[in-house]
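Accompanying notes for the structure given below.
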Amino acid sequence: MQDPSPVSASASSSSSAAQSRFFERMTGDEDSRICKDISEDACHQQSGNFMRHLLASLGTKLADELASARLVLPWLLGLIGAPIWMVGLLVPIREAGALLPQLLVAGFIRPLPQRKWVWAAGATLQALMALGLVILTLLAEGDSPSRHGLDGTLAGSLMLVLLVILSLGRGVASIATKDVLGKTIAKQRRGRLMGWSGSVAGAMTLIAGGSLMLMGQQPGQQVLAILMTIAALGWTLNAVCAALIQEDSGATGGGANAWDTVREGFSLLKHDAAFRNFNLARALLLSSALALPYIALLGQQQSGESLGGLGVLVVVSGLAGMVASPIWGKLADTSSRRVMRNAGAGAAACCAVAGSMMWWPDTLSNNVWSYALVYGALVVAHSGIRLGRKTYVVDLASADNRALYVALSNTLTGVLMLVLGLMIGGLAQWLGSEWLLLILAGVAACAALYAQRLPEVEDD
């Protein structure tokens with residue numbers, strides 16, 4: 001066998017050096033060879049894997065924003081003439097559908113030495129379902145009397161079915177993503193990786209939202225179909241980058257029996273106090289996710305179904321994510337517990353402000369920008385909550401039980417999301433969105449207090 005040519009060896013060395021410089025610039029470290037909580041081989045591959053993780057996360061975060069169950073999909077259901085009750089199912093399906101299967105998935109992937117292929121399969125499934133949403137959007141009759149196609153009820157029902165399958169793909173990818181992240185990126189760099197990916201995705205979402213604002217009252221089915229197509233491309237990028245990650249073979253102990261995994265998971269809750277308390281704090285922090293659609297709903301009431309109003313909310317959401325994520329990521333690498341605490345307090349303040357708007361002067365309470373600004377502030381807080389709890393659970397676990405920790409936590413959250421989603425919907429119908437937001441403000445305040453009690457995990 002011939003040795004590699006000097007030219008190819010030089011090109012490989014140059015590429016590796018560029019990846020190392022990029023990694024050190026993005027993380028603020030002076031030596032990319034210093035690793036914590038990963039193998040020596042994974043340490044050598046870390047700079048290249050950091051870039052692959054970043055691109056993969058960019059794809060999925062962009063897709064999540066452009067196919068958002070909080071903003072874009074409600075507008076889409078309205079444009080195709082779907083019944084209003086379907087809008088209330090979007091967020092519970094999107095969140096619970098992604099979280100509920102994860103404990104069973106963890107039992108399936110634990111015998112696999114490499115989990116990146118499970119991640120790639122989940123991302124591919126999401127891309128296919130997004131393409132299905134594109135087709136339904138184009139075939140739906142909509143509210144144009146001259147357009148013939150699927151009626152709103154049928155198109156909306158099929159859209160919910162596709163959303164269920166898409167969410168299951170998201171759950172499969174999510175559990176494998178965190179496990180691969182823990183094997184390939186060292187401690188005290190994971191938070192910054194997720195922070196930078198959120199920032200870049202936020203910038204691209206900002207461009208999409210600005211385009212929607214310029215379109216104003218133009219017919220939107222074709223435009224939203226384009227957004228769904230871009231989302232499909234984002235999940236495709238995620239799948240490709242996942243497949244390219246250099247992953248060492250990891251721990252395979254524990255067996256693949258799903259019910260054994262369930263029993264082991266609940267045994268963890270009984271005997272691991274830190275993990276149990278984390279899940280209690282995370283349950284209370286669900287208040288931020290449940291509040292976002294209702295603030296958006298109040299804003300929608302001021303703008304109707306126009307793409308201009310949707311663009312305002314998308315722009316604010318993208319700008320908030322772009323600015324907040326790197327800051328939260330750097331802070332999470334120091335103390336993810338404090339990030340959850342501070343973000344929970346911020347969510348409480350945002351919910352209180354939004355709920356009190358019914359007593360504000362009409363010039364403020366009847367302006368979509370008022371709700372958009374509060375929505376953006378809550379997105380900042382929600383980003384901190386999500387990034388803090390993701391970093392916390394990855395750093396809390398070890399290499400051989402990380403997949404189980406993440407899966408059990410996500411499954412419990414999925415059950416709570418369904419139950420609380422139904423309860424919140426009933427309260428909103430009875431009390432109104434404003435009073436519901438004031439209640440959620442109190443829950444978020446309790447979450448901040450409880451997160452304060454969690455132990456630190458970054459220095460363990």
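In order along segment 375-388, phi translates into HN-Hα couplings of 4, x, 5, 5, 4, 4, 5, 5, 4, x, 4, 5, 5, x Hz, rounded to whole numbers, per the Karplus curve 6.51 cos²θ - 1.76 cosθ + 1.60 with θ = phi - 60° and x for Gly and Pro. Ordering of 175-182, 114-121, 346-353 by packing is 175-182, 346-353, 114-121, highest average first (other Cβ atoms within 10 Å, averaged per residue). Computed with a 1.4 Å probe over protein heavy atoms only, the accessible area of Thr124 comes to about 60 Å².
Extension gain for Ala274-Val164 works out to 36.4 nm (0.36 nm per residue, less the C-alpha to C-alpha distance).
Within the straight-line cut-off of under 22 Å between alpha carbons, the lysines reachable from Lys183 are Lys36, Lys61, Lys116, Lys330, Lys390, sequence neighbours fewer than 8 places apart in one chain being disregarded.
A DSSP coil position with no more than 15 other Cβ atoms inside 10 Å describes none of the chymotrypsin sites (Phe, Trp or Tyr not before Pro) in segment 347-379. Taking 0.36 nm per residue of separation and subtracting the Cα-Cα distance, full extension of the segment from Gln246 to Leu431 would add 61.4 nm.
Val134 contributes an accessible area of around 20 Å² to the protein surface, as traced by a 1.4 Å probe with all chains present. For Leu297 and Trp359, the difference between the fully extended length at 0.36 nm per residue and the C-alpha to C-alpha distance is 20.6 nm.
FRET efficiency for the pair Ala203 and Asn366, taken as 1/(1 + (r/R0)^6) with r the Cβ-Cβ distance and R0 = 25 Å, rounds to 0.20.
The values are calculated or read from the model by the stated rules, or taken from the named source; none is laboratory data. Quick caveat, the model's predicted, so the values are computed rather than measured. Here the Cβ is made from the backbone with ideal geometry for all residues, glycine too, and neighbour counts use every protein chain on show. With ligands, DNA and RNA removed, areas are computed over all heavy atoms of the protein, side chains included. Shrake-Rupley method; radii C 1.70, N 1.55, O 1.52, S 1.80 Å.
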